[in-house]
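The values are calculated or read from the model by the stated rules, or taken from the named source; none is laboratory data. Note that this is a predicted model, so its numbers are computed, not measured. Backbone-built Cβ (ideal geometry, glycine too); neighbour counts: all protein chains shown.
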Amino acid sequence: MSDKKIYWHLPGFCVFFYMNQVIINLMKEYPDKFNDGYAVGSVYGTFPGAIWNGGRAVFGITSRGDMQKIIKTYNDFGVPVRFTWTNSLIEEKHLNDTYCNLIMETADNGKNQVLVNRIVLEDYLREKYPGFKFISSTTKRITDPSKLIMEYEKDYELVVLDYDLNHDTDVINSLKEYASRTEILVDEICFPNCPKRKAHYADESRAQLLFEKGTSYDCPNTKTIPSFNECKKRPAFISREELPEYIDKGFVNFKLVGRGLPRNMVEDSYIYYLVKEEHADFIRKKLDDTLVKLTGGRR
């Protein structure tokens, strides 16, 4: 297990910009305190206000100068920036959006990636920005094993597994040939087999397109404050003790949730998965102290 390179895909390249920087630096500065062979494989998310964004609506705007700074910071670490272009309601009329195309032009250096789930947008991006690596998004909700295999036959760098399949032994074993091209979401906060998940994605996509935040469905997750401890109780959760079972089968790409979630919950997941248990307090203090210095306490 220790001989393999294990890649972790971290959330919120923009909203958690400082925290992600610090954790990447700490992994370089104190490699002995992090799990052997672990590295950051990408940072995913969006710049606020991009209508192609899906999964979680994010409002606001980012200047081109700030885009360049953020992208360069990660790329200089050797870490790709991955854009969540997974708005499930995108139509052809949205393809010429000036802001989204500006983002792609700014990041078009051969180092970055896009998550996709909508053919009309994927075809446009592949033609106009062939320098990006394309990844099949979990928001497609592919739980049929035969349809899942078809995803690997397409030109995707990675396929993000639907979290409902995390502990499906038959599916996991059937993916042995594709294990290195599979990304597993280990700490999803949603409930198993959620019948409202696609409606949730559509609602967030609509909010992003209309710049209007409004939840039109009743979700049990909105009734509690998200926490990593609660997340650990979900059936789809993959514990650090279970990870070697997946790694031994050839899976080396793991994704952490975090967009739209509290910063402390995301920090808890970083410490839990990335750091050796006996060094957790040391790295947490280093992380928190550095964030205070960088942000003046505004994290």
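Scanning the stretch 57-95 for residues that are within 30 Å of Val275 (Cβ to Cβ), touching a Ser or Thr at 6+ places or on another chain (Cβ under 8 Å) and among the charged types (D, E, K, R) turns up just one, Arg82.
Return a yes/no flag: does the stretch 209-226 have any residue that is modelled with pLDDT under 90, of a type in the set (Asp, Glu), under 30 Å from Arg118 (Cα atoms) and touching a helix residue (DSSP H, G or I) at 6+ places or on another chain (Cβ under 7 Å). So far as the stretch 209-226 goes, no, none of its residues is modelled with pLDDT under 90, of a type in the set (Asp, Glu), under 30 Å from Arg118 (Cα atoms) and touching a helix residue (DSSP H, G or I) at 6+ places or on another chain (Cβ under 7 Å). Filter the stretch 243-270 for residues that are surrounded by fewer than 18 Cβ atoms within 10 Å (Cβ to Cβ), of a type outside the set (S, T, N, Q) and under 16 Å from Phe228 (Cβ atoms) and give the result. If the condition is that a residue be surrounded by fewer than 18 Cβ atoms within 10 Å (Cβ to Cβ), of a type outside the set (S, T, N, Q) and under 16 Å from Phe228 (Cβ atoms), then Gly260, Pro262, Arg263 are the ones that fit.
Summed over the stretch 39-66, the residues that are surrounded by fewer than 19 Cβ atoms within 10 Å (Cβ to Cβ) and of a type outside the set (Val, Ile, Thr) give a count of 9. Put simply, of Ile71, Ile90 the only residue that is among the aliphatic types (A, V, I, L, M) and out of contact with any Lys or Arg (no Cβ under 8 Å at 6 or more places or on another chain) is Ile71. Which of the residues belonging to the stretch 91-109 are in a loop (DSSP other than H, G, I, E, B) and either in contact (Cβ under 8 Å) with a residue 40 or more places away in the chain or under 20 Å from the mean Cα position of the chain (by Cα) (or both)? Scanning the stretch 91-109 gives Asp97, Asp108. For the condition among the charged types (D, E, K, R) and assigned to a loop (DSSP other than H, G, I, E, B), Asp66 does not qualify. Taking the stretch 1-22, which residues are surrounded by fewer than 20 Cβ atoms within 10 Å (Cβ to Cβ), touching a Lys or Arg at 6+ places or on another chain (Cβ under 8 Å) and in a loop (DSSP other than H, G, I, E, B)? None - no residue of the stretch 1-22 is surrounded by fewer than 20 Cβ atoms within 10 Å (Cβ to Cβ), touching a Lys or Arg at 6+ places or on another chain (Cβ under 8 Å) and in a loop (DSSP other than H, G, I, E, B), so the list stays empty.
For every residue, the table says whether it meets (1) at pLDDT 95 or above; (2) in a helix (DSSP H, G or I); (3) surrounded by fewer than 16 Cβ atoms within 10 Å (Cβ to Cβ).
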{"position": "Lys111", "(1), (2), (3)": "yes, no, no"}
{"position": "Val120", "(1), (2), (3)": "yes, yes, yes"}
{"position": "Thr143", "(1), (2), (3)": "no, no, yes"}
{"position": "Asp155", "(1), (2), (3)": "yes, no, yes"}
{"position": "Tyr178", "(1), (2), (3)": "yes, yes, no"}
{"position": "Ile184", "(1), (2), (3)": "yes, no, no"}
{"position": "Ile189", "(1), (2), (3)": "no, no, no"}
{"position": "Pro195", "(1), (2), (3)": "no, no, yes"}
{"position": "Tyr201", "(1), (2), (3)": "no, yes, no"}
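Per the conditions (1) more than 18 Å from the chain's Cα centre (by Cα); (2) part of a loop (DSSP other than H, G, I, E, B); (3) more than 26 Å from Leu165 (Cβ to Cβ), the sole criterion not satisfied by Glu127 is (2). Working only within the stretch 72-109, note down all residues that are under 26 Å from Lys198 (Cα atoms), of a type in the set (A, V, I, L, M, F, W, C) and surrounded by fewer than 24 Cβ atoms within 10 Å (Cβ to Cβ). Matches in the stretch 72-109: Leu89, Leu95. Residues of the stretch 157-176 that are under 16 Å from Val252 (Cα atoms), of a type in the set (A, V, I, L, M, F, W, C) and surrounded by fewer than 20 Cβ atoms within 10 Å (Cβ to Cβ): Ile172 alone. Regarding the stretch 243-260, can at least one residue be identified that is at pLDDT below 95, among the hydrophobic types (A, V, I, L, M, F, W, C) and touching a strand residue (DSSP E or B) at 6+ places or on another chain (Cβ under 8 Å)? Scanning the stretch 243-260 turns up at least one residue that is at pLDDT below 95, among the hydrophobic types (A, V, I, L, M, F, W, C) and touching a strand residue (DSSP E or B) at 6+ places or on another chain (Cβ under 8 Å).
Of everything listed in (1) in a helix (DSSP H, G or I); (2) over 27 Å from Ser205 (Cα atoms); (3) modelled with pLDDT under 95, the single unmet condition for Arg298 is (1).
Among the residues of the stretch 23-31, none qualifies, meaning not one is basic (Lys, Arg) and either buried (at least 17 other Cβ atoms within 10 Å of the Cβ) or closer than 18 Å to Ala202 by Cα (or both). The residues of the stretch 263-299 that are basic (Lys, Arg) and in contact (Cβ under 8 Å) with a residue 24 or more places away in the chain, listed by number, are Arg263, Lys276, Lys286, Arg299. Being out of contact with any Gly (no Cβ under 7 Å at 6 or more places or on another chain), of a type in the set (A, V, I, L, M, F, W, C) and within 17 Å of Leu256 (Cα to Cα) holds for only one residue in Phe34, Phe47, and it is Phe34.
When residues in the stretch 33-90 are screened for being over 30 Å from Pro244 (Cβ atoms), basic (Lys, Arg) and under 17 Å from the mean Cα position of the chain (by Cα), 1 of them pass.
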